[in-house]
1. All other residues with a Cβ under 9 Å from the Cβ of K140 taken together, and with Lys, Arg as +1 and Asp, Glu as -1, what is their net charge?
2. Please calculate how many Å² of accessible area the range 37-174 carries per residue, with a 1.4 Å probe and no DNA, RNA or ligand atoms counted.
3. In percent, how large is the relative contact order of the chain, given Cα pairs closer than 8 Å and 6 or more residues apart?
4. Carbon-plus-sulfur fraction of the accessible area of the chain, 1.4 Å probe, in percent?
5. With equal scatterers on the alpha carbons only and no solvent term, can you work out the Debye log10 of I(q)/I(0) for the range 17-143 at 0.14 1/Å?
6. How high is the relative contact order of the range 87-194, in percent, counting Cα pairs under 8 Å that sit 6 or more residues apart?
7. Along the three principal axes, how long is the range 98-194 when you take its alpha carbons, biggest first, rounded to the nearest angstrom?
8. Given a Förster distance of 30 Å, report the FRET efficiency between K2 and E34 from their Cβ-Cβ distance, rounded to the nearest 0.05.
Amino acid sequence: MKVSKKIGQIAFKLRGAFWGVFAAGVLIFPGTFELRRFILGLVILLAGQALRLWAAGYIPKYRTEVIGAPVLVTWGPYKWVRNPLYAGNGIMGLGWALMVGWGWVIAFTIAFLLLYCLIVIPAEEEFLEEKFGEAYRDFKRNVPALIPFPRAGFPEKSPNEQPFDSKRAWAEEIYSIRMNIFVTAAIMVRLYFS
């Protein structure tokens with residue numbers, strides 16, 4: 001699906017606001033507290049954050065408002081999925097949604113697919129294809145967007161490959177970690193008092 005560049009750029013710039021809207025919705029329309037579902041949601045949330053932390057240690061600065069990429073990263077978690085940061089977002093969002101209730105899981109999944117899969121990812125892919133050409137098209141043919149299977153193969157080893165950088169991962173993900181703590185605490189308080 002082709003997305004207009006203007007819509008893609010706006011959605012990319014506002015992609016972080018999606019989480020604020022989701023958190024506000026949870027606080028305005030809370031679900032019900034169930035300990036097992038909450039714990040399962042928390043485990044899923046932590047798995048999503050771990051994936052984001054892993055991905056952040058391989059990619060150059062990504063917290064920008066403009067689509068860009070100094071290098072095509074095809075190693076680390078990027079050899080499994082093209083968008084591990086967004087996959088991590090999806091996993092974290094499912095964790096939060098599950099904490100609140102099954103109806104929120106359905107609502108979150110629909111919203112995530114509409115925003116990320118139909119607008120943000122296609123806009124980024126158009127940019128990457130223009131910038132990296134056949135190298136990106138080959139990467140796209142072999143590596144799935146968000147779910148590691150099915151796959152055609154692994155990308156060839158890149159001459160640009162860098163090792164995992166824990167300092168960069170931490171520096172880039174501290175915002176996400178703080179947001180996870182804040183939203184999870186807000187969900188706990190809201191569910192407890194509803």
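The values are calculated or read from the model by the stated rules, or taken from the named source; none is laboratory data. Please read these numbers as outputs of a predicted model, since none were measured by experiment. No Cβ is skipped: glycine too gets one built from the backbone with ideal geometry, and neighbour counts run over all protein chains shown. In case anyone asks, the SASA skips ligands and DNA or RNA and just uses the protein heavy atoms, side chains included. Shrake-Rupley method; radii C 1.70, N 1.55, O 1.52, S 1.80 Å.
1. Residues close to K140 contribute a combined charge of 0.
2. For the range 37-174, the per-residue accessible area is 49 Å².
3. Value for the chain: 35 percent.
4. Exposed carbon and sulfur together represent 70 percent of the surface.
5. Once normalised to I(0) and log-transformed, intensities are -0.68.
6. 21
7. Rounded to whole Å, the extents work out to 54, 33, 23 Å.
8. 0.10
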